[in-house]
Amino acid sequence: KCSLLACEPTFAWKGPREEIVYLPCIYRNTGIEKPDYLATVDVNPKSPHYCQVIHRLPMPNLKDELHHSGWNACSSCFGDATKRRNRLILPSLISSRIYVVDVGTDMRAPRIHKIVEPVELFWKGNVANPHTSHCLGTGDILISCLGDPSGNGKGSFVLLDGETFEVKGNWENGAKVPSLGYDFWYQPRHNVLMSTEWGVPKVFANGFNPADVERGHYGRHINVWDWSTHAYVQTIDLGNGSIPLEIRFLHNPDAAEGFVGCALSGTVHRFYKTEKGDWAAEKVIEVPSKKVQGWLLPDMPGLITDILISLDDRFLFFSNWLHGDIRQYDISDTRRPRLVGQVFLGGSISKGGPVTVVEDKELQGQPDPFVIKGKKVAGGPQMIQLSLDGKRLYVTTSLYSGWDKQFYPDLVKEGSVMLQIDVDTERGGLKANKNFLVDFGKEPDGPVLAHEIRYPGGDCTSDIWM
(Lines give C-alpha, C1' and ligand atoms only; values in the text may rest on other atoms or scores of the structure.)
Protein backbone atom coordinates (compact mmCIF):
# COMPACT_ATOMS: atom_id res chain seq x y z
CA LYS A 1 0.00 0.00 0.00
CA CYS A 2 1.19 3.53 -0.70
CA SER A 3 2.06 5.73 2.24
CA LEU A 4 -0.70 8.24 1.70
CA LEU A 5 -3.60 5.79 1.47
CA ALA A 6 -4.25 6.93 5.01
CA CYS A 7 -7.38 8.02 6.78
CA GLU A 8 -6.11 11.46 7.76
CA PRO A 9 -3.30 13.86 6.86
CA THR A 10 -1.53 13.48 10.22
CA PHE A 11 -0.75 9.84 9.39
CA ALA A 12 0.61 10.84 5.99
CA TRP A 13 2.80 13.46 7.69
CA LYS A 14 4.69 10.59 9.37
CA GLY A 15 5.14 8.70 6.07
CA PRO A 16 8.52 7.64 4.67
CA ARG A 17 10.99 10.09 3.17
CA GLU A 18 10.72 10.56 -0.59
CA GLU A 19 13.38 8.67 -2.58
CA ILE A 20 12.29 9.35 -6.17
CA VAL A 21 10.08 11.96 -7.83
CA TYR A 22 8.37 12.16 -11.22
CA LEU A 23 8.45 15.27 -13.42
CA PRO A 24 6.95 15.89 -16.86
CA CYS A 25 9.60 17.37 -19.19
CA ILE A 26 8.48 19.54 -22.09
CA TYR A 27 10.12 20.18 -25.49
CA ARG A 28 7.31 22.22 -27.05
CA ASN A 29 8.51 25.77 -27.86
CA THR A 30 12.19 24.90 -27.28
CA GLY A 31 13.06 24.37 -30.97
CA ILE A 32 13.91 20.72 -30.27
CA GLU A 33 11.65 18.35 -32.21
CA LYS A 34 11.44 15.63 -29.58
CA PRO A 35 8.47 14.31 -27.60
CA ASP A 36 7.82 15.35 -24.02
CA TYR A 37 8.74 12.71 -21.44
CA LEU A 38 8.24 11.70 -17.83
CA ALA A 39 11.50 11.87 -15.87
CA THR A 40 12.21 9.83 -12.75
CA VAL A 41 14.69 11.63 -10.49
CA ASP A 42 16.59 10.10 -7.57
CA VAL A 43 16.28 12.37 -4.49
CA ASN A 44 17.71 9.95 -1.91
CA PRO A 45 20.89 11.55 -0.44
CA LYS A 46 22.28 8.06 0.32
CA SER A 47 21.97 6.95 -3.31
CA PRO A 48 24.91 6.98 -5.76
CA HIS A 49 22.45 8.47 -8.28
CA TYR A 50 21.36 11.39 -6.04
CA CYS A 51 20.12 14.38 -8.08
CA GLN A 52 20.20 12.39 -11.31
CA VAL A 53 17.51 11.51 -13.85
CA ILE A 54 17.45 7.71 -13.61
CA HIS A 55 14.73 7.04 -16.21
CA ARG A 56 12.97 8.81 -19.08
CA LEU A 57 9.63 7.72 -20.53
CA PRO A 58 9.10 9.52 -23.88
CA MET A 59 5.57 10.04 -25.14
CA PRO A 60 4.82 8.79 -28.67
CA ASN A 61 3.73 12.24 -29.95
CA LEU A 62 5.28 15.67 -30.42
CA LYS A 63 4.19 18.97 -28.82
CA ASP A 64 1.79 17.54 -26.21
CA GLU A 65 2.79 20.04 -23.48
CA LEU A 66 2.63 17.69 -20.52
CA HIS A 67 1.82 19.83 -17.51
CA HIS A 68 0.23 18.51 -14.31
CA SER A 69 -0.37 14.95 -13.13
CA GLY A 70 -2.58 13.03 -10.72
CA TRP A 71 -3.30 9.54 -9.40
CA ASN A 72 -5.77 6.79 -10.14
CA ALA A 73 -6.17 6.26 -6.37
CA CYS A 74 -5.45 8.40 -3.33
CA SER A 75 -6.57 9.05 0.22
CA SER A 76 -10.18 9.46 -0.88
CA CYS A 77 -10.12 5.72 -1.64
CA PHE A 78 -9.01 4.83 1.91
CA GLY A 79 -10.57 1.61 3.13
CA ASP A 80 -10.90 0.13 -0.36
CA ALA A 81 -8.42 -2.76 -0.38
CA THR A 82 -8.71 -3.14 -4.16
CA LYS A 83 -7.21 0.30 -4.86
CA ARG A 84 -3.52 0.83 -5.51
CA ARG A 85 -1.74 4.01 -6.48
CA ASN A 86 -0.21 2.38 -9.53
CA ARG A 87 -1.26 4.66 -12.40
CA LEU A 88 -0.14 8.24 -12.94
CA ILE A 89 -2.55 10.36 -15.00
CA LEU A 90 -0.74 12.76 -17.35
CA PRO A 91 -3.03 15.20 -19.21
CA SER A 92 -1.50 17.18 -22.09
CA LEU A 93 -2.41 20.85 -21.92
CA ILE A 94 -2.11 21.60 -25.64
CA SER A 95 -2.68 18.33 -27.54
CA SER A 96 -5.55 17.32 -25.17
CA ARG A 97 -4.20 13.76 -24.98
CA ILE A 98 -4.25 11.96 -21.63
CA TYR A 99 -1.52 9.44 -20.91
CA VAL A 100 -2.08 6.79 -18.25
CA VAL A 101 1.33 5.69 -16.97
CA ASP A 102 2.02 2.42 -15.17
CA VAL A 103 4.20 3.19 -12.15
CA GLY A 104 3.23 0.05 -10.25
CA THR A 105 5.12 -2.59 -12.25
CA ASP A 106 8.45 -0.79 -11.83
CA MET A 107 8.28 2.41 -9.81
CA ARG A 108 11.69 3.57 -11.07
CA ALA A 109 10.96 2.82 -14.73
CA PRO A 110 7.37 3.84 -15.57
CA ARG A 111 5.76 2.66 -18.81
CA ILE A 112 2.73 3.77 -20.80
CA HIS A 113 -0.41 1.83 -19.87
CA LYS A 114 -3.01 3.58 -22.06
CA ILE A 115 -3.45 6.67 -24.20
CA VAL A 116 -6.74 8.56 -24.26
CA GLU A 117 -6.78 10.34 -27.61
CA PRO A 118 -8.10 13.92 -27.92
CA VAL A 119 -11.07 12.86 -30.02
CA GLU A 120 -12.42 10.99 -26.96
CA LEU A 121 -12.56 14.25 -25.00
CA PHE A 122 -13.93 16.19 -27.98
CA TRP A 123 -16.78 13.81 -28.75
CA LYS A 124 -17.75 12.56 -25.30
CA GLY A 125 -17.41 15.81 -23.36
CA ASN A 126 -17.03 18.68 -25.86
CA VAL A 127 -13.91 19.63 -23.91
CA ALA A 128 -10.21 20.17 -24.56
CA ASN A 129 -7.03 21.31 -22.77
CA PRO A 130 -7.24 19.02 -19.70
CA HIS A 131 -5.38 20.30 -16.65
CA THR A 132 -5.88 19.01 -13.09
CA SER A 133 -6.75 15.40 -12.28
CA HIS A 134 -7.91 14.12 -8.89
CA CYS A 135 -9.03 10.62 -7.99
CA LEU A 136 -12.47 10.25 -6.42
CA GLY A 137 -13.70 7.98 -3.64
CA THR A 138 -15.84 6.21 -6.26
CA GLY A 139 -12.68 5.05 -8.03
CA ASP A 140 -13.21 7.34 -11.00
CA ILE A 141 -10.84 10.14 -12.01
CA LEU A 142 -12.04 13.73 -12.37
CA ILE A 143 -10.18 16.07 -14.75
CA SER A 144 -10.74 19.81 -15.16
CA CYS A 145 -10.50 21.34 -18.63
CA LEU A 146 -9.75 24.83 -19.87
CA GLY A 147 -11.59 24.92 -23.17
CA ASP A 148 -13.68 23.41 -25.92
CA PRO A 149 -12.29 21.67 -29.03
CA SER A 150 -12.16 25.01 -30.90
CA GLY A 151 -9.86 26.66 -28.33
CA ASN A 152 -12.54 28.79 -26.69
CA GLY A 153 -12.67 29.00 -22.90
CA LYS A 154 -14.91 26.52 -21.08
CA GLY A 155 -14.69 25.52 -17.40
CA SER A 156 -15.90 21.95 -17.79
CA PHE A 157 -14.88 18.53 -16.39
CA VAL A 158 -14.56 14.97 -17.66
CA LEU A 159 -14.70 11.68 -15.78
CA LEU A 160 -12.41 8.75 -16.54
CA ASP A 161 -13.27 5.24 -15.45
CA GLY A 162 -10.69 4.32 -12.80
CA GLU A 163 -10.24 0.78 -14.15
CA THR A 164 -10.51 1.07 -17.94
CA PHE A 165 -9.61 4.79 -18.21
CA GLU A 166 -12.38 5.25 -20.75
CA VAL A 167 -13.92 8.73 -20.96
CA LYS A 168 -17.33 8.42 -19.30
CA GLY A 169 -18.50 11.94 -20.19
CA ASN A 170 -18.87 15.22 -18.35
CA TRP A 171 -18.98 15.41 -14.56
CA GLU A 172 -21.07 18.59 -14.38
CA ASN A 173 -24.84 18.63 -14.65
CA GLY A 174 -26.88 21.36 -16.30
CA ALA A 175 -26.20 23.72 -19.18
CA LYS A 176 -24.56 26.36 -16.97
CA VAL A 177 -20.75 26.16 -16.87
CA PRO A 178 -18.12 28.86 -16.24
CA SER A 179 -16.55 30.51 -19.25
CA LEU A 180 -13.04 29.56 -18.07
CA GLY A 181 -11.40 26.71 -16.19
CA TYR A 182 -8.11 25.65 -14.62
CA ASP A 183 -7.52 24.01 -11.22
CA PHE A 184 -9.94 22.51 -8.67
CA TRP A 185 -10.25 20.95 -5.22
CA TYR A 186 -13.22 19.23 -3.64
CA GLN A 187 -14.40 18.71 -0.07
CA PRO A 188 -17.31 16.23 0.34
CA ARG A 189 -17.87 17.05 4.02
CA HIS A 190 -18.96 20.51 2.89
CA ASN A 191 -20.63 19.28 -0.32
CA VAL A 192 -18.45 21.52 -2.47
CA LEU A 193 -16.02 21.60 -5.36
CA MET A 194 -14.10 24.83 -6.09
CA SER A 195 -12.59 25.56 -9.50
CA THR A 196 -10.44 28.43 -10.79
CA GLU A 197 -9.78 30.21 -14.11
CA TRP A 198 -6.65 30.77 -16.17
CA GLY A 199 -7.51 31.98 -19.66
CA VAL A 200 -8.86 31.22 -23.12
CA PRO A 201 -6.63 28.47 -24.58
CA LYS A 202 -6.29 29.91 -28.08
CA VAL A 203 -5.35 33.26 -26.50
CA PHE A 204 -2.62 32.10 -24.09
CA ALA A 205 -1.33 29.26 -26.31
CA ASN A 206 1.59 31.19 -27.76
CA GLY A 207 2.26 33.94 -25.23
CA PHE A 208 0.84 36.64 -22.97
CA ASN A 209 -0.59 39.94 -24.23
CA PRO A 210 -1.60 42.29 -21.38
CA ALA A 211 -4.42 43.70 -23.55
CA ASP A 212 -6.11 40.29 -23.42
CA VAL A 213 -6.73 40.79 -19.70
CA GLU A 214 -8.80 43.89 -20.41
CA ARG A 215 -10.61 42.00 -23.17
CA GLY A 216 -11.84 39.50 -20.57
CA HIS A 217 -9.77 36.59 -21.90
CA TYR A 218 -8.26 35.84 -18.47
CA GLY A 219 -9.92 34.65 -15.29
CA ARG A 220 -11.08 36.44 -12.14
CA HIS A 221 -13.42 33.99 -10.36
CA ILE A 222 -13.59 31.08 -8.00
CA ASN A 223 -16.42 28.89 -9.24
CA VAL A 224 -18.44 26.95 -6.67
CA TRP A 225 -20.07 23.61 -7.47
CA ASP A 226 -22.52 21.48 -5.51
CA TRP A 227 -20.61 18.25 -4.93
CA SER A 228 -23.62 15.94 -4.80
CA THR A 229 -25.62 17.35 -7.74
CA HIS A 230 -22.61 18.51 -9.83
CA ALA A 231 -24.36 21.83 -10.44
CA TYR A 232 -22.56 25.16 -10.83
CA VAL A 233 -24.06 27.22 -7.99
CA GLN A 234 -21.98 30.32 -7.20
CA THR A 235 -19.30 32.65 -8.52
CA ILE A 236 -16.84 34.53 -6.28
CA ASP A 237 -15.30 37.52 -8.08
CA LEU A 238 -11.67 38.20 -7.08
CA GLY A 239 -11.28 41.25 -9.29
CA ASN A 240 -10.33 42.06 -12.87
CA GLY A 241 -6.85 40.90 -13.80
CA SER A 242 -6.50 38.61 -10.80
CA ILE A 243 -6.07 35.27 -12.70
CA PRO A 244 -6.70 32.80 -9.85
CA LEU A 245 -4.68 29.64 -10.48
CA GLU A 246 -3.90 26.99 -7.85
CA ILE A 247 -6.60 26.42 -5.22
CA ARG A 248 -6.11 24.44 -1.99
CA PHE A 249 -8.45 23.57 0.84
CA LEU A 250 -6.83 22.98 4.21
CA HIS A 251 -6.01 19.27 4.47
CA ASN A 252 -8.21 18.78 7.54
CA PRO A 253 -11.42 17.48 5.89
CA ASP A 254 -13.54 19.26 8.50
CA ALA A 255 -12.11 22.66 7.57
CA ALA A 256 -14.45 24.82 5.49
CA GLU A 257 -11.70 27.11 4.19
CA GLY A 258 -8.62 27.29 2.04
CA PHE A 259 -6.52 29.57 -0.15
CA VAL A 260 -6.15 30.49 -3.80
CA GLY A 261 -3.16 32.19 -5.41
CA CYS A 262 -3.89 34.93 -7.94
CA ALA A 263 -1.10 35.24 -10.48
CA LEU A 264 -1.42 38.68 -12.01
CA SER A 265 -2.73 40.58 -8.97
CA GLY A 266 -0.01 39.03 -6.77
CA THR A 267 -2.54 38.20 -4.07
CA VAL A 268 -3.62 35.22 -2.01
CA HIS A 269 -7.28 35.03 -1.03
CA ARG A 270 -8.73 32.97 1.78
CA PHE A 271 -12.06 31.39 0.80
CA TYR A 272 -14.45 30.20 3.47
CA LYS A 273 -17.98 29.02 4.16
CA THR A 274 -20.25 31.73 5.55
CA GLU A 275 -22.86 31.41 8.29
CA LYS A 276 -25.50 31.43 5.54
CA GLY A 277 -23.92 28.34 4.00
CA ASP A 278 -22.60 29.94 0.81
CA TRP A 279 -18.95 30.81 0.15
CA ALA A 280 -16.96 34.03 0.24
CA ALA A 281 -13.34 35.17 -0.11
CA GLU A 282 -11.08 37.79 1.44
CA LYS A 283 -7.62 38.99 0.41
CA VAL A 284 -5.09 37.98 3.08
CA ILE A 285 -1.71 38.42 1.30
CA GLU A 286 -0.59 40.95 -1.30
CA VAL A 287 2.77 41.06 -3.07
CA PRO A 288 3.28 44.64 -4.29
CA SER A 289 4.25 45.13 -7.93
CA LYS A 290 7.66 46.69 -8.57
CA LYS A 291 8.09 49.73 -10.79
CA VAL A 292 10.67 48.75 -13.39
CA GLN A 293 12.42 49.77 -16.59
CA GLY A 294 13.51 47.40 -19.34
CA TRP A 295 10.56 45.03 -19.06
CA LEU A 296 7.24 44.32 -20.83
CA LEU A 297 5.29 46.69 -18.53
CA PRO A 298 6.24 49.52 -16.14
CA ASP A 299 4.82 47.50 -13.21
CA MET A 300 6.10 43.97 -12.65
CA PRO A 301 3.81 41.68 -10.59
CA GLY A 302 5.25 38.84 -8.53
CA LEU A 303 3.12 36.41 -10.56
CA ILE A 304 2.08 33.93 -7.89
CA THR A 305 2.00 30.73 -9.93
CA ASP A 306 1.93 27.89 -7.38
CA ILE A 307 0.82 27.58 -3.77
CA LEU A 308 0.67 24.69 -1.34
CA ILE A 309 -0.25 24.02 2.27
CA SER A 310 1.82 21.77 4.54
CA LEU A 311 0.09 18.55 5.60
CA ASP A 312 -0.28 19.82 9.19
CA ASP A 313 -2.05 22.96 7.84
CA ARG A 314 0.46 25.21 9.59
CA PHE A 315 2.35 26.74 6.66
CA LEU A 316 1.42 28.15 3.26
CA PHE A 317 4.13 28.38 0.57
CA PHE A 318 4.01 30.14 -2.77
CA SER A 319 6.27 31.07 -5.67
CA ASN A 320 6.67 34.53 -7.25
CA TRP A 321 7.82 33.45 -10.69
CA LEU A 322 8.73 36.91 -11.97
CA HIS A 323 10.24 38.50 -8.84
CA GLY A 324 12.11 35.25 -8.20
CA ASP A 325 11.28 34.40 -4.59
CA ILE A 326 9.50 31.69 -2.65
CA ARG A 327 7.67 32.66 0.54
CA GLN A 328 6.57 30.74 3.62
CA TYR A 329 3.67 31.99 5.76
CA ASP A 330 2.51 30.79 9.14
CA ILE A 331 -1.26 30.28 8.74
CA SER A 332 -2.07 29.26 12.32
CA ASP A 333 -4.45 32.22 12.06
CA THR A 334 -5.83 31.70 8.55
CA ARG A 335 -7.18 35.26 8.37
CA ARG A 336 -3.78 36.77 9.17
CA PRO A 337 -0.96 34.84 7.47
CA ARG A 338 2.46 35.82 8.81
CA LEU A 339 5.56 35.86 6.57
CA VAL A 340 8.21 33.68 8.24
CA GLY A 341 10.49 32.64 5.36
CA GLN A 342 11.69 33.96 2.01
CA VAL A 343 14.41 32.96 -0.44
CA PHE A 344 15.36 34.30 -3.91
CA LEU A 345 16.13 31.71 -6.62
CA GLY A 346 16.55 33.73 -9.80
CA GLY A 347 13.78 35.84 -11.32
CA SER A 348 13.59 38.90 -13.54
CA ILE A 349 14.91 41.54 -11.13
CA SER A 350 18.33 40.06 -10.35
CA LYS A 351 21.32 42.43 -10.38
CA GLY A 352 23.12 42.73 -13.70
CA GLY A 353 20.08 41.79 -15.81
CA PRO A 354 18.11 43.88 -18.32
CA VAL A 355 15.54 45.02 -15.73
CA THR A 356 16.12 48.00 -13.46
CA VAL A 357 13.86 48.36 -10.42
CA VAL A 358 13.03 52.04 -9.91
CA GLU A 359 10.58 51.68 -7.01
CA ASP A 360 10.24 48.76 -4.59
CA LYS A 361 7.94 48.68 -1.56
CA GLU A 362 9.65 45.59 -0.14
CA LEU A 363 13.36 45.34 -0.97
CA GLN A 364 16.23 47.74 -0.36
CA GLY A 365 18.00 46.60 -3.53
CA GLN A 366 17.83 44.12 -6.38
CA PRO A 367 18.69 40.55 -5.30
CA ASP A 368 21.86 38.83 -6.48
CA PRO A 369 21.55 36.24 -9.26
CA PHE A 370 21.10 32.72 -7.86
CA VAL A 371 24.15 30.56 -8.55
CA ILE A 372 24.37 26.91 -7.50
CA LYS A 373 27.24 24.53 -8.26
CA GLY A 374 28.62 27.16 -10.64
CA LYS A 375 25.35 27.47 -12.60
CA LYS A 376 23.46 30.76 -12.75
CA VAL A 377 19.80 29.78 -12.64
CA ALA A 378 17.66 31.12 -15.49
CA GLY A 379 13.96 31.70 -14.91
CA GLY A 380 12.27 31.93 -11.54
CA PRO A 381 10.86 29.51 -8.96
CA GLN A 382 7.58 28.05 -10.17
CA MET A 383 6.19 24.61 -9.30
CA ILE A 384 6.71 23.58 -5.68
CA GLN A 385 6.25 20.35 -3.75
CA LEU A 386 6.76 19.75 -0.05
CA SER A 387 8.04 16.62 1.67
CA LEU A 388 5.52 14.84 3.89
CA ASP A 389 7.32 16.00 7.06
CA GLY A 390 7.40 19.58 5.76
CA LYS A 391 11.19 19.91 5.92
CA ARG A 392 12.12 19.86 2.22
CA LEU A 393 10.58 22.01 -0.49
CA TYR A 394 11.33 21.01 -4.09
CA VAL A 395 11.18 23.69 -6.78
CA THR A 396 11.23 23.77 -10.59
CA THR A 397 11.53 26.86 -12.78
CA SER A 398 9.30 26.34 -15.86
CA LEU A 399 5.75 27.72 -15.93
CA TYR A 400 4.45 26.89 -19.41
CA SER A 401 6.59 26.68 -22.54
CA GLY A 402 4.83 29.53 -24.39
CA TRP A 403 5.32 31.90 -21.47
CA ASP A 404 8.81 30.62 -20.61
CA LYS A 405 9.86 31.52 -24.15
CA GLN A 406 8.43 35.02 -23.78
CA PHE A 407 9.55 35.96 -20.26
CA TYR A 408 12.71 33.89 -19.83
CA PRO A 409 14.27 33.13 -23.24
CA ASP A 410 17.45 31.92 -21.51
CA LEU A 411 15.39 29.32 -19.64
CA VAL A 412 14.25 27.79 -22.94
CA LYS A 413 17.83 27.77 -24.24
CA GLU A 414 19.43 26.43 -21.06
CA GLY A 415 16.67 24.19 -19.69
CA SER A 416 15.01 24.38 -16.30
CA VAL A 417 16.35 23.16 -12.97
CA MET A 418 15.03 21.42 -9.90
CA LEU A 419 16.19 22.83 -6.58
CA GLN A 420 15.55 21.91 -2.95
CA ILE A 421 14.90 24.31 -0.10
CA ASP A 422 15.42 23.41 3.56
CA VAL A 423 12.42 24.48 5.65
CA ASP A 424 12.52 25.44 9.32
CA THR A 425 9.31 23.82 10.60
CA GLU A 426 9.69 25.25 14.11
CA ARG A 427 10.07 29.03 13.67
CA GLY A 428 9.78 29.24 9.90
CA GLY A 429 12.58 29.97 7.46
CA LEU A 430 13.81 28.93 4.01
CA LYS A 431 17.35 28.17 2.87
CA ALA A 432 18.51 26.75 -0.46
CA ASN A 433 20.31 23.40 -0.24
CA LYS A 434 23.52 24.19 -2.14
CA ASN A 435 24.25 20.49 -2.64
CA PHE A 436 21.03 19.82 -4.58
CA LEU A 437 20.74 20.60 -8.28
CA VAL A 438 19.06 18.70 -11.10
CA ASP A 439 20.09 20.50 -14.28
CA PHE A 440 17.63 19.73 -17.08
CA GLY A 441 19.86 21.70 -19.43
CA LYS A 442 22.10 18.64 -19.64
CA GLU A 443 19.52 16.12 -20.85
CA PRO A 444 20.56 13.70 -23.67
CA ASP A 445 18.27 15.30 -26.31
CA GLY A 446 19.03 18.86 -25.25
CA PRO A 447 17.72 21.36 -22.69
CA VAL A 448 14.17 20.65 -21.53
CA LEU A 449 11.50 22.34 -19.37
CA ALA A 450 10.68 20.25 -16.27
CA HIS A 451 7.39 21.12 -14.59
CA GLU A 452 5.30 19.62 -11.77
CA ILE A 453 6.78 17.33 -9.09
CA ARG A 454 5.05 14.15 -7.83
CA TYR A 455 6.06 11.55 -5.24
CA PRO A 456 5.08 7.91 -5.85
CA GLY A 457 3.34 7.82 -2.46
CA GLY A 458 1.26 10.96 -2.92
CA ASP A 459 1.91 14.46 -1.63
CA CYS A 460 0.49 17.76 -0.37
CA THR A 461 -1.19 18.69 -3.64
CA SER A 462 -2.47 15.34 -4.91
CA ASP A 463 -4.34 13.94 -1.91
CA ILE A 464 -7.78 14.84 -0.63
CA TRP A 465 -8.98 13.38 2.65
CA MET A 466 -12.67 12.61 3.09
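The values are calculated or read from the model by the stated rules, or taken from the named source; none is laboratory data. Computed from a prediction, not measured in an experiment: that's the story for all the values here. Using ideal geometry, Cβ is built from the backbone for each residue, glycine included, and neighbour counts are taken over all protein chains shown. Each accessible area value is taken on the protein alone, full model and side chains, heavy atoms only, with ligands, DNA and RNA left out. Shrake-Rupley method; radii C 1.70, N 1.55, O 1.52, S 1.80 Å.
Assorted remarks:
- Listed residue pairs exceeding 24 Å between alpha carbons, taken from 154/273; 376/413; 63/413; 176/283; 283/434: 154/273; 176/283; 283/434
- Cα centroid separation, region 178-219 to region 334-363: 26 Å.
- Spin-label pair residue 356-residue 50: with each label point 7 Å from Cα along the Cα-Cβ axis, the two points sit 4.4 nm from one another.
- Rolling a 1.4 Å probe over the protein heavy atoms of the chain, with every protein chain left in place, gives an accessible area that is 48 percent carbon and sulfur.
- Around residue 206: net Lys/Arg minus Asp/Glu count, Cβ-Cβ under 11 Å: +3
- Using the average count of surrounding beta-carbon atoms within 10 Å as a protection proxy, the listed peptides 161-173, 132-144 rank, highest first, as 132-144, 161-173.
- Residues in region 179-184 carry Karplus couplings, in order, of 7, 9, x, 5, 9, 7 Hz; the curve used is 6.51 cos²θ - 1.76 cosθ + 1.60 with θ = phi - 60°, and Gly or Pro positions show x.
- MRE, 222 nm, helices only [DSSP H, n ≥ 4, -39500 (n - 2.57), over the chain, to nearest 500]: -1500 deg cm²/dmol
- If a spin label sat at a point 7 angstrom from the Cα of residue 189 along the line to its beta carbon, the backbone N atoms of region 437-466 nearer than 16 Å would be those of 463-466.
- On full extension, the segment bounded by residue 299 and residue 276 gains 4.4 nm, given 0.36 nm per residue less the C-alpha separation.
- In sequence order, calculated HN-Hα J values of region 301-312 (Karplus, 6.51, -1.76, 1.60; Hz; x Gly/Pro): x, x, 6, 6, 10, 8, 9, 8, 10, 4, 4, 8
- In terms of the mean number of neighbouring beta-carbon atoms within 10 Å, the peptides 29-38, 396-405 order highest first as 396-405, 29-38.
- For region 9-450, accessible area per residue (1.4 Å probe, heavy atoms of protein chains only), Å²: 37 Å²
- Extended-chain gain in nm, criterion 0.36 nm per residue less alpha-carbon gap, residue 61 and residue 17: 12.4 nm
- Amide H to amide H, with H built 1.01 Å from N, residue 340 comes under 5 Å of 328, 329, 330, counting only residues 5 or more places away or on other chains.
- Taking the average, over residues, of other Cβ atoms within 10 Å as the packing measure, peptides 39-47, 119-127, 94-102 rank 94-102, 119-127, 39-47 from highest down.
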